[in-house]
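Novice: Mind looking over this structure? Questions follow.
Coordinate-derived values only; no laboratory data. Predicted, not measured: the structure shown is a model, and the values here were computed from it. No Cβ is skipped: glycine too gets one built from the backbone with ideal geometry, and neighbour counts run over all protein chains shown.
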Amino acid sequence: MKHIQVKFQNNRPELLLDHVSQPPVLYGLSDFPAARSNTAYAQKNIANFAAQGIHMVTADTNLAYAWHKATPFDIEPIQAEIAGVLEADPDSMVLLRLHMNPPYWWLRDHPEETAWYLGNPGVDDGEPIRMIRDDGIGANGGTEGRLRVCLGSKLWLKEAGERLKMLCQQLSQTPEGKHLMGIQVACGLYGEWHQWGTDDGPCMEKHFREYLKETYQTDDNLQKNWGRDDVTIENAPFLPDVNQPGDDGIFRDPIKGRNIMDAQMSILMTVPEAILYFCRIIKENWPWPILAAAFYGSYIGSTNKNFAPIGCGLRPDIIFQEPGVVDCLCSPFPYMKNRLADGAPMSRGLLESMRLHHVLWLTEMDQNPVGAATYHGGDPKQRPETIAMLRRNCILPLLGGMGYWYYDHRIVPAVAKLEGTASTVGSIFYKKGWWDAPDLMAEIGRIQRIAEKRNAKSYRPVADVLIVYDTKSHLAHAQNIDQHFSLQNAIARSGAAFDCIYLSDLNKAELSRYRCVIFANAWQLNEAQQAEIKKLTADKQVIFLYAAGYSDEKTLDIAHIQETIGMALEKIETEGVMVSNGGVLPKESIALDENAAQIISPCFKVTDTAAHPLAYYEKSGACCAARKENIWYFALPTLSQDWARAIFKEAGCHIYGENGDAIFADQDMMMINTYSGCWQEITLRNGKTFLCDLPAMTTAVYNAQTGERYL
């Protein structure tokens, strides 16, 4: 047995095994039958990673395997999953991804505790061999989702919690339990704690009424906040559908739309409440310290128009309010253009906020080798792209003081090319593994040496650009303008290092480090938040995008934006292209993504004669970007790399290089990801310069003090 904990030391949340810090890097088995730990290829791959010094493994199993209707609770199948890992590597420690879904017989016995999909109960399609099969059918506004538990079910929490307690008490007494490093509780869409869909069923409605009672206490308070005298806590309509139109363009009126926002918030709350409930049970019932973990905190790339806000991890503050209960939060990388060869790598979680709250973030590195649909282990001709992808995806969380696991999945029919010929394509029973090619394992070993070297040092962030994201603003609009990729892609290519945090953490941030602060979507700001922002950023260059402060939680009013940015504005017809003719901002035309350009409304123009114009709408010629004192305002929610670099230089931010390749850095390490090849002079923070000359499809890693190349 090992004493296992996450402890904040060396300026980051560190993973400690018997009080010795370990690089937070794991190998991950998937949920497919072919990935069971006792299969030949799973054991081969576990051994391969162990040979590279990676002795921590995530194994996937289900509480339902032990939870029976007519026979006693039996942990043998779960115990066997850990045993299979140990057969391949006796030194392994296992992070158990434990799906908390109740058995199908339980769902059939308790239909009142199941999820509904926009008025329709879930479809009982039998008991599939792969439990999370078809989870996503109801997630994109569908009405025919599968039979699943309502995540607000109190009965499920009680009975699953009782069995989780039994599991902890029994498994801890077995030889396999001595090798358990933690339990990652899983449920919801794909086990990642997203809602199955728009759950408006009887069980979730009951949770909604409990939320109203806790929030408003009395019918009178509810009526005042909803602006209606015909509602009570018992009869208030439950309308969580994310596709209801806005009251002013895409925005919901804070009073007229409060019923929708409350319905969605009540659904949002079920997930962090459930995670905390299960993680407390783990902490209280395992006889020595182990980790309690969960997927949660997904933000970047998790807010498409049918998924936000109810499907996303928008209440991490609930988790943060109980420090020490949840040690690790986790998520895959965003599924956006960042996964393309010419895209900048991105984290779905806001890593600096995780660090500020002493929570270890583990990224699921689940991007397959290039060409894996046709060649086992990927197309040999595209190996440089695969190696570049491996490096950029694995080094990125390390640069945030965090960790990751290699998720050894497979190519499923949904993403495999029809002409795919690799033996693993589409199969849930036959699987060789993504990374078991000798050259890929050698590369993983090289990356692991970097992780080990960094883990021996104190973490020292250096970013002087801060991107601030708000979660509650997602409730304030009817359609989401998802510009996350274009904004972060531009800033990564500006040559400056940046951090990302939640708006609610602005007063916790190490603001003395930052020269420029970007408010990406602060579209709902009350008076206290406006005052705090002005106070905390008075000595910095500040960028506000689009409708900053449009809602003050009482009304929608352009006056609120004017108060936030300190400039006079007027509403105009919707436009989607900004143009600069040169000057402070380089000459360039910047367009919104096609989907965002179709839905953005209302739009605004700058009319303040005391502000310095920066850019104009392409169609009308009205001013759409301006600067006044330390405030930079852009009427559309995006920037280009050249515009961002110009502002960052003005702010005094350090620029490592200017040719547009994605650059990330902390005090000890700098990473450059280039698609077409890189030839430029790099300037380190200490003033040292060196020539960076790289071929196409390369991710290179350097010592940030000397310029010595590590990878």
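Novice: At q = 0.12, 0.17, 0.18, 0.21 Å⁻¹, work out log10 I(q)/I(0) for region 107-245 with the Debye formula, treating every Cα as an identical point scatterer and leaving solvent out; two decimals please.
Specialist: With no solvent term, the Cα-only Debye profile gives -0.62, -1.01, -1.07, -1.24.
Novice: A follow-up question, please. Give the Cα extents of region 29-77 along the principal axes, in whole Å, largest first.
Specialist: Sorted largest first, the three principal extents are 45, 18, 14 Å.
Novice: Sticking with this one: Please give every one of the aspartates and glutamates within straight-line cross-link reach of Lys69, meaning a C-alpha to C-alpha distance under 13 Å, and leave out same-chain neighbours fewer than 8 residues apart.
Specialist: Asp109, Glu159
Novice: Another question about this same structure. Answer with one residue from Ile663, Ala646, Leu614: the one whose Cα lies farthest towards the positive end of the charge dipole of region 589-696, charges on Cβ with Lys, Arg +1 and Asp, Glu -1.
Specialist: Toward the positive end, the furthest listed residue is Leu614.
Novice: Using 0.36 nm per residue, how much length does the chain from Ile129 to Asp342 gain when fully extended, once their Cα-Cα distance is taken away?
Specialist: 72.9 nm
Novice: If packing is taken as the average count of other Cβ atoms within 10 Å, what order do 567-577, 687-697 fall into, highest mean first?
Specialist: 567-577, 687-697
Novice: Using 7 Å Cα-to-Cβ label points, what is the Asp220/Lys508 separation (nm, one decimal)?
Specialist: A separation of 3.7 nm, rounded to one decimal place.
Novice: Evaluate E = 1/(1 + (r/R0)^6) for Ala70 and Phe690, where r is the Cβ-Cβ distance and R0 equals 51 Å; express this FRET efficiency to the nearest 0.05.
Specialist: 0.15
Novice: Normalised by the number of residues in region 620-711, what is the relative contact order in percent for Cα pairs under 8 Å and 6+ residues apart?
Specialist: 20
Novice: Counting helices only, and only those DSSP H runs with n ≥ 4, report the 222 nm mean residue ellipticity of the chain as the sum of -39,500 (n - 2.57) divided by its residues, in deg cm²/dmol to the nearest 500.
Specialist: That comes out to -8500 deg cm²/dmol.
Novice: What is the distance in Å between the Cα centres of region 173-191 and region 463-486?
Specialist: Cα centres, region 173-191 to region 463-486: 33 Å.
Novice: Could you work out the local net charge near Ala456, counting Lys and Arg as +1, Asp and Glu as -1, over the other residues with Cβ closer than 12 Å to its Cβ?
Specialist: Around Ala456, the charge tally is +1.
Novice: Let me ask another. For region 538-694, what is the relative contact order in percent, using Cα pairs closer than 8 Å and at least 6 residues apart in sequence?
Specialist: Relative contact order, region 538-694: 20 percent.
Novice: Next up: Where Rh is the Kirkwood radius over the Cα pairs of region 535-626, the temperature 37 °C and the viscosity 0.692 mPa s, what D in µm²/s does Stokes-Einstein return?
Specialist: 232
Novice: Moving on to the next point. Using just the C-alpha positions of region 549-601 as equal point scatterers, what log10 of I(q)/I(0) does the Debye formula give at each q in 0.20, 0.28, 0.31 1/Å?
Specialist: -0.95, -1.00, -1.02
Novice: I would also like to ask the following. In the structure displayed, which of Lys472/Lys508; Lys587/Lys628; Lys2/Lys165; Lys224/Lys472; Lys2/Lys154; Lys628/Lys649 lie more than 23 Å apart, Cα to Cα?
Specialist: Correct reply: Lys2/Lys154.
Novice: Taking 8 Å as the Cα distance limit and 6 or more residues as the minimum spacing, I'd like the relative contact order of the chain as a percentage.
Specialist: Taking the mean separation of contacting Cα pairs over the length of the chain, I get 12 percent.
Novice: Cα to Cα, under 26 Å, and not fewer than 8 places away if on the same chain: which lysines meet these conditions relative to Lys381?
Specialist: Lys44, Lys337, Lys417, Lys431, Lys432
Novice: Give me the net charge of Asp18's neighbourhood, meaning all other residues with Cβ under 14 Å from the Cβ of Asp18; Lys, Arg count +1, Asp, Glu -1.
Specialist: Combined, the nearby Lys, Arg, Asp and Glu give +1.
Novice: Here is a further query. If the reach is capped at under 17 angstrom between alpha carbons, list the lysines near Lys7, excluding any in the same chain fewer than eight residues apart.
Specialist: In chain and number order, the partners are Lys283, Lys457.
Novice: Direction-averaged shadow area of the convex hull around the Cα atoms of region 43-141, nm²?
Specialist: Taking a quarter of the hull surface, the average projection is 8.4 nm².
Novice: Per q in 0.11, 0.16, 0.23 Å⁻¹, report the Debye log10 I(q)/I(0) for region 613-711, using one uniform scatterer on each alpha carbon and no solvent.
Specialist: Calculated log10 I(q)/I(0) at the listed q: -0.44, -0.76, -1.14.
Novice: Highest mean first, how do 317-324, 365-372 rank when packing is the count of other Cβ atoms within 10 Å averaged over residues?
Specialist: Top of the packing list down: 365-372, 317-324.
Novice: Under the Kirkwood approximation for Rh and a Cα-based Rg, what ratio Rg/Rh is obtained for region 433-488?
Specialist: 1.22
Novice: Cβ neighbours within 10 Å, averaged per peptide: list 52-63, 30-41 in order, most packed at the top.
Specialist: Ranking, from highest mean packing down: 52-63, 30-41.
Novice: Can you give the local net charge around Gly227? Use residues other than it whose beta-carbon is closer than 10 angstrom to its beta-carbon, Lys and Arg +1, Asp and Glu -1.
Specialist: Counting the neighbours of Gly227, the net charge comes to +2.
Novice: Please state the equivalent ellipsoid semi-axes for the chain: what are the square roots of 5 times the Cα gyration tensor eigenvalues, largest first, in whole Å?
Specialist: 39, 34, 22
Novice: A further question follows. With a point put 7 Å past each Cα toward its Cβ, work out how far Lys256 is from Ala597 in nm, to one decimal.
Specialist: My value for the distance between the label points is 2.9 nm.
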